[in-house]
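> Submitted below is the structure of interest, expressed as structure tokens.
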Amino acid sequence: MSRTANSPSLDRAVRIRMAVTEDAEPLARLINAAFVVERPFIEGERIDPAGVREYMGKGKFLVAEDAAGLAGCVYVEPRGERGYLGLLGVEQRRQGQGLGRKLMEAAENYFRAAGCHAIDLRIISPRRPLPAFYAHLGYEQTGTAPFAPDVPVKVPCHYILMSKTLRDS
């Protein structure tokens, strides 16, 4: 990794904030670019600006931003004492620099502040590296679920369900 990628000043230049409605288009672009790895097994784009706004009606997006614009995001939705987390995405040129972990930490802190005791997430089965990424962050596989019937797929898919109990920070 280059010296720039490890630079503490670069790390401080990234701030995490709550997305606003005006972020819908850049968020859709960021998510679709980050989820391009799903194209071999899912038809079409992951989300459009209207879909982002629909998610914003139920929960919130935390976004990582620097001088160049949005660098990453994660969707957070409190559901009683549990939180649902999804759409973790990091701009491709920023992957591997710890930004995903930073967003996950911000999401966990958001859920703690919202009074949640656990976080649930789901991964589509062909995304083989993801269970290990989340397990490294303390998430455990809790089961599987059928894939959304309204999403056109190129290969059979199901959801891998994972959860984490939140501890006080």
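The values are calculated or read from the model by the stated rules, or taken from the named source; none is laboratory data. Predicted model only: the values in this text are computed from it and were never measured. A quick note on method: Cβ atoms are made from the backbone with ideal geometry, for glycine too, and the neighbour counts reach across all protein chains shown. Please note that ligands, DNA and RNA were not included when accessible areas were found on the heavy atoms of the full protein model with its side chains. Shrake-Rupley method; radii C 1.70, N 1.55, O 1.52, S 1.80 Å.
> Can you name the condition, by its number, that A71 falls short on among (1) among the small types (G, A, S); (2) open to solvent by less than 50 Å² (accessible area, probe 1.4 Å); (3) in contact (Cβ under 8 Å) with a residue 40 or more places away in the chain; (4) out of contact with any Asp or Glu (no Cβ under 6 Å at 6 or more places or on another chain)?
Of (1) among the small types (G, A, S); (2) open to solvent by less than 50 Å² (accessible area, probe 1.4 Å); (3) in contact (Cβ under 8 Å) with a residue 40 or more places away in the chain; (4) out of contact with any Asp or Glu (no Cβ under 6 Å at 6 or more places or on another chain), only one is false for A71: (4).
> Report yes if G89 is surrounded by fewer than 19 Cβ atoms within 10 Å (Cβ to Cβ) and farther than 15 Å from K164 by Cα, otherwise no.
So G89 does not fit the description; no.
> Exactly one of these conditions fails for R79: (1) open to solvent by 70 Å² or more (accessible area, probe 1.4 Å); (2) within 21 Å of N32 (Cα to Cα). Give me its number.
With (1) open to solvent by 70 Å² or more (accessible area, probe 1.4 Å); (2) within 21 Å of N32 (Cα to Cα) applied to R79, the lone miss is (2).
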